[in-house]
Amino acid sequence: MFHHRSTMRVGTDAVLFAQWVDVASSDNALDIGTGSGVIPLILAQKGVGSVDAVELDCDSYEEAALNFKMSVYSDKLTVIQNDVRNYADSVNKKYDLIVSNPPYYSSDLKPIKEKKVMARHVSTLSFRDLLVSAKKMMKEDARLALVLPFYESRLFIKEAENLGFNLQKEFLISPIDGKEPNRVNMQFVLNEVKCAENKLFTIRNKDYSYTEEYKEFLKDYYLDF
């Protein structure tokens with residue numbers, strides 16, 4: 001898989017997130033800001049019906065298109081070069097599942113390189129923009145799933161609730177046993193939720209070896225496991 005030109009290279013966040021997301025063979029999914037396309041590729045491997053992937057950056061779009069073309073799941077995958085805000089206003093389509101590994105440096109200093117700014121800073125796509133765009137394209141019983149750092153996830157949940165979304169489940173990811181979570185996978189729905197599911201997941205033991213739950217969770221994607 002190619003990811004050298006993309007604004008977002010393949011990393012633990014994306015792989016963990018894509019493995020965590022539940023899919024069905026009937027799901028018509030959308031990935032917002034696909035980067036190199038790793039999340040749609042994993043969802044396709046897991047059996048999702050189809051995935052459209054929206055990407056604004058030209059290099060990332062071309063790399064995702066190449067990765068999709070080379071995949072055995074190419075018939076399930078489509079990449080569109082567009083701003084998701086424009087796409088949401090123009091597409092005549094509703095989705096069962098919308099996923100994203102979105103921009104997230106809402107409070108830190110901006111990175112120097114322009115592509116990193118596009119990939120990692122909410123000045124490009126605010127949380128509200130993402131939520132409003134997703135809501136326009138969601139079926140009544142659709143799910144919106146995404147991964148964010150812990151602090152930003154709390155801000156996102158508040159913004160989502162203001163726009164009529166309900167947190168259905170979250171997956172709090174701790175980098176090392178005993179440390180506070182630093183990443184959160186979240187799934188939202190527009191329907192009422194009585195009690196959100198909550199799970200803590202740990203990547204490494206205190207000696208920095210991978211935990212057994214991490215190795216089991218990602219054994220299909222890493223040869224070392």
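Laboratory data are not the source of any read-out in this text; all were calculated from the coordinates shown. The structure presented is a predicted model; accordingly, all values stated were derived computationally and were not measured. Counting neighbours? That spans all protein chains shown, and the Cβs are built from the backbone with ideal geometry, glycine included.
Over all other residues within a Cβ to Cβ distance under 14 Å of Pro175, the charged ones net out to -1, with Lys and Arg as +1 and Asp and Glu as -1. With neighbours defined as other Cβ atoms within 10 Å of a residue's Cβ, the residues Asp220, Asp13 order from fewest to most as Asp220, Asp13.
For the cross-link pairs Lys46/Lys199; Lys46/Lys93; Lys76/Lys199, the ones whose C-alpha atoms lie over 26 Å apart are Lys76/Lys199.
In terms of surrounding Cβ atoms within a 10 Å radius of their Cβ, Cys195, Cys58 rank from fewest to most as Cys195, Cys58.
For the residues Thr12, Thr211, what sequence is obtained by ranking on other C-beta atoms within 10 Å, fewest first? Display every interim value, and only then the final one.
Values: Thr12 13, Thr211 16.
Ordered by Cβ neighbours within 10 Å, fewest first: Thr12, Thr211.
How much length, in nm to one decimal, is gained on full extension between Val72 and Asn198, taken as 0.36 nm per residue of separation minus their Cα-Cα distance?
Difference between extended and current length: 41.9 nm.
From the square roots a ≥ b ≥ c of the eigenvalues of the alpha-carbon gyration tensor of the range 12-217, which class results: rounded (a/c under 1.5), prolate (a/b over b/c), or oblate? Taking the square roots of the gyration eigenvalues as a ≥ b ≥ c, the range 12-217 is rounded.
Here the extension length gained between Asp59 and Glu180 equals 40.0 nm, from 0.36 nm per residue of separation less the Cα-Cα distance.
Cα centroid separation, the range 23-37 to the range 139-185: 18 Å. When both bridge partners sit in the range 12-217, DSSP labels roughly 35% of those beta bridges antiparallel. Taking the Cα centre of the range 12-217 as origin and assigning +1 to Lys and Arg Cβ atoms and -1 to Asp and Glu Cβ atoms, the resulting dipole is close to 260 debye.
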